[in-house]
Structures are given as C-alpha cells and as structure tokens.
C-alpha cells in the first residue's frame, strides 16, 4: 500500500516480476485490482487494513498501527512465510520496523542501506545510503564486511575492492570517524584500496564504497539530481533542434534511449537493508510497475543466494579474528 503510485502500480509490478508474491494490504481494494488483470500470476493477498503514510512520524505510526500493511509484511519474513520483503512506502518507518521486528545480525549496531550505482563497466555498491546518520568507525568497518559479502555472493565478484568515501585520497583526510575507519580497514584483511572522493562515484574505482548514512544519502541524492538535470537538458535540446540537427536527433534517438536505460534506477528497483535478520529491499517512493518488479526480483535473488547466512558468517569470522575498530 506504500508509494506514490500504490496500489495499482505495485500490483501490476508484482505480477510483472514473475515471482510468487504475497501482496499485503486492504484485501477488497487489492482483489478488485487483481480481478482486472488477465495475465497469469502467482499472487496471494494477505489482508491488512491499516496503512502508514509518508507524512506520519515513524515511531508514533509503528506504535499505533501494529497491524499496518508494512508491519504485517515484515512479520511474514519473521515467521518464515516469505523469503524477503519489499516496500515503496515510508522509508523511515520501513527501516525502523525491519530492525525492531527482525532484529540485527551479531556485531551490527546500525544496519546499512546498500544501493547499486551504475558504472561504465558494471556497478558498484554504495553503503550506507541513509539508514544511519550517526555511524561510528566500527559501523563503517561492518559496512565494508557486509558490502564485500554482497558483491561476492550476489554479483559474483571474487575479491571485491573496498573504498572509503572521503574528501581526499590521503588517509589523513576526512572526519575523525572516517580517519579511524581508514586505519582499521587498512589492517582488516579486506581488499581495501583506500579513499575515494565524490567524483569517483559512478566510476569503476571500487566495487564497494563505504560511508556514513548522512554523507551517503547526500551523495546519492546529488547524483540523482545531476542525472535528472542531464536528461532534461538533453530532452529540451532535442525539442529545440531544427534543420539538420533535427535529423541528427532522430538518428541518435535509439542510442540516447540505450544510454538512459543503462542509467535508469527503475531497472535496479531498490536497495538492500543489510545488517537485519531478513532480506529487506527498499524501493523508491516514486516507483512504478517496472521499478516494483525489479525490486521484487532483487528480493527474490537475495533469498536464493542465501545472502543473510553469508552476511552472518562473514561478520562472525571477521570479529572472531579480532579485526575491529577500537
């Protein structure tokens, strides 16, 4: 029931995903939508009458709406009835509810939102993208462990390159937290390649880029803004083109569409909340059916690769080895 285009686009996205889905929300409303769709599907409705809106304060909403669609969906994972949960609704309430209901993995103080970023040669993983704004050096080290495990198990990267986002490549640059994390990552045993700067986001400089949630969220939103600006400028210039430029525009149009598709967040679908005891995928509030389908497929992929077990084992081995930030 969450998202700017819910529930219509969510229902269609669930069907388009090709994945068996439990749709959690107001049964009558969802059943009416499903009744209008002729495509074969594996979708089952789980009734939940309460809905948490984006304008509600997460803490108050979770206390007063314990049987909201969001809470019921997360409990399905807790009970083992679902392999993962995806929502395009209130991000704050969703992350808070997932952490409280599912619990955190051992040694994890703050979960991290991990977002795939397209690069010329593939993609990199940025975390934390906003789950925690008061991260410690130890949190950043945990993010690196979890990010490396994600890249290895989900993307098949053998020895992921880990970088720390800072304001300069020198290890003496950055906040006190970043400097402490840098020293710990140097001796962590991970494939740590050092600091990267904001301009390196979107390049193939690293497979995993680690930062605190405040910085990561600002960096992500800034990148989204630049992408939107470029696309709007290109569209405006194409509309204003005349004469020979108009001909060239039509010739290049298929190429421009392919470029847009490579950079389009809707094919990624969403990010993963790493560090909780369940497969949790956060979809963009503006998600339409294509993005919803992509997010559901991501949750399905995380469950199939048993990412949760991999994260738990990686964290356990890392901390048993004594590699931690003091």
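The values are calculated or read from the model by the stated rules, or taken from the named source; none is laboratory data. Remember, predicted model here, so these are calculated numbers, not experimental data. We place every Cβ from the backbone using ideal geometry, glycine too, and count neighbours over all the protein chains shown.
If the condition is being modelled with pLDDT of 90 or more and either surrounded by fewer than 17 Cβ atoms within 10 Å (Cβ to Cβ) or not in a loop (DSSP other than H, G, I, E, B) (or both), then segment 35-56 contributes 43, 44, 45, 46, 47, 49, 50. Here segment 267-304 is the region considered, the condition is being at pLDDT below 90 and surrounded by fewer than 18 Cβ atoms within 10 Å (Cβ to Cβ), and the residue that is farthest from the chain's Cα centre (by Cα) is 286.
Looking at segment 62-164, the strands (runs of 3 or more DSSP E) lying wholly inside it that each contain 1 or more residues that are in the same structural domain as residue 314 (by TED's automatic domain parsing) and out of contact with any helix residue (DSSP H, G or I) (no Cβ under 7 Å at 6 or more places or on another chain) sit at 112-119, 122-127.
A single member of 71, 95 is within 18 Å of the chain's Cα centre (by Cα) and either farther than 21 Å from residue 290 by Cα or at pLDDT 95 or above (or both), and it is 95.
Restrict the check to segment 238-254 and report whether at least one residue is closer than 24 Å to residue 160 by Cα, modelled with pLDDT under 85 and part of a helix (DSSP H, G or I). Scanning segment 238-254 turns up no residue that is closer than 24 Å to residue 160 by Cα, modelled with pLDDT under 85 and part of a helix (DSSP H, G or I). Exactly one residue out of 307, 315 is at pLDDT 90 or above and farther than 20 Å from residue 19 by Cβ: that is 315.
Quick check on segment 5-28. Is at least one of its residues more than 19 Å from residue 290 (Cβ to Cβ), in a helix (DSSP H, G or I) and touching a residue at least 12 places away in the same chain (Cβ under 8 Å)? Checking segment 5-28: at least one residue is more than 19 Å from residue 290 (Cβ to Cβ), in a helix (DSSP H, G or I) and touching a residue at least 12 places away in the same chain (Cβ under 8 Å). The condition (being in a loop (DSSP other than H, G, I, E, B) and at negative phi) is satisfied by just one residue among 294, 287: 287. From (1) under 16 Å from the mean Cα position of the chain (by Cα); (2) surrounded by fewer than 19 Cβ atoms within 10 Å (Cβ to Cβ), pick out the condition that doesn't hold for residue 199. Answer for residue 199: the failing condition is (1).
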